[in-house]
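Worksheet: the structure to be examined is printed underneath.
Every read-out reported here was derived from the displayed coordinates using simple, explicitly stated rules and does not represent laboratory data. Since the structure is predicted, the reported quantities are computational estimates derived from the model, not experimental observations. Ideal geometry is used to build each Cβ from the backbone, glycine not excepted, and the neighbour counts take in all protein chains shown.
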Amino acid sequence: MDLWTCFLIVGVGFVAGFINTLAGSGSLLTLPLLIFLGLPANVANATNRIGVMLQSLVAVGGFKQKKVFEWKEGVWLTIPAVIGSFIGAAFAVNISEQVMSRIIGFLLVFMFFLILYKPDKWLQSNEKFKNAKPSFVRVVLFLGIGFYGGFIQAGVGYFLLAGLVLGAGHELVKANAIKSLIVFVLTVSALSVFIYNGQVNYMYGITLGMGNMLGAWIATRVAIKRGAKFIRWFLLITVLVFAVKLLFF
């Protein structure tokens, strides 16, 4: 790998890490890059998980250092999401890339209008959820989101945020912190399978991870400094951009 390729991977990884930490779908940038650099699609998909894992680890550490969330707030949501992801992966079927892009694109359009709906819900914590025990409805909700993550994966960060804000009552800064924890655990599980099957290019993956980690580190600072209102607008813009990309390009 030459120096310019290294800079390119780190640069795109930085942008993806920033987007993934504040919103989601940064992999729509890194996956095409890895394939463009010559990796088979399945190896690119596996290699990309190294960057996602490292970026999520940095994001969780950054949010935890600033005391944005407590471990107990994320663990009970992580468990059903992980179970759902295993079920989703088991039921995954081969569908064309074009059909998958259309499905995700329409889901992101739905997400765009969901974020516009009652903006106060995205900006403030819901007091009735504080110290509340896990409800059956919320466990099922995150089981379903996990299933989506295992079945399709792309864009799962947006739906985790929606579940954390609208289903668990967290404002967007804390929701991003807990989302990062859930994504980290989901990614470790998936990556272990890819490593076992020898599908990971470690040189590209670690180089990508360097960029992802830097992007995540800056994103956590931006999220904490700028607050939930900034994240909501960032979400609206990225959801709309990626929806258009998937539906029309």
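Distance from the alpha carbon centroid of region 1-24 to that of region 163-206 works out to 17 angstrom. Put a dot 7 Å past the Cα of TRP233, heading toward its Cβ, do the same for GLN65, and the two dots end up 2.7 nm apart. Each of ARG221 and ILE103 was given a label point 7 Å from its Cα along the Cα-to-Cβ line. The distance between the two points is 4.0 nm. Peptides 177-185, 192-200, 25-33, ordered by how many other C-beta atoms sit within 10 Å of their residues on average, highest first, read 177-185, 25-33, 192-200. For q values of 0.10, 0.25 Å⁻¹, compute log₁₀ I(q)/I(0) with the Debye formula on a Cα-only model of region 5-85, without solvent. Results for region 5-85 at q = 0.10, 0.25 Å⁻¹ read -0.30, -1.21. The sum of -39500 (n - 2.57) across all DSSP H runs of n ≥ 4, divided by the residue count of the chain, sets its helix-only mean residue ellipticity at 222 nm to -27000 deg cm²/dmol. The PHE86 and VAL241 beta-carbon pair, evaluated with R₀ = 35 Å, returns a calculated FRET efficiency of approximately 0.65. With a threshold of 25 Å on the Cα-Cα distance, the over-threshold entries among LYS67/LYS229; LYS174/LYS245; LYS67/LYS245 are LYS174/LYS245; LYS67/LYS245. By the beta-carbon count within 10 Å of each Cβ, the least crowded to most crowded order of MET210, MET111, MET1, fewest first, is MET1, MET210, MET111.
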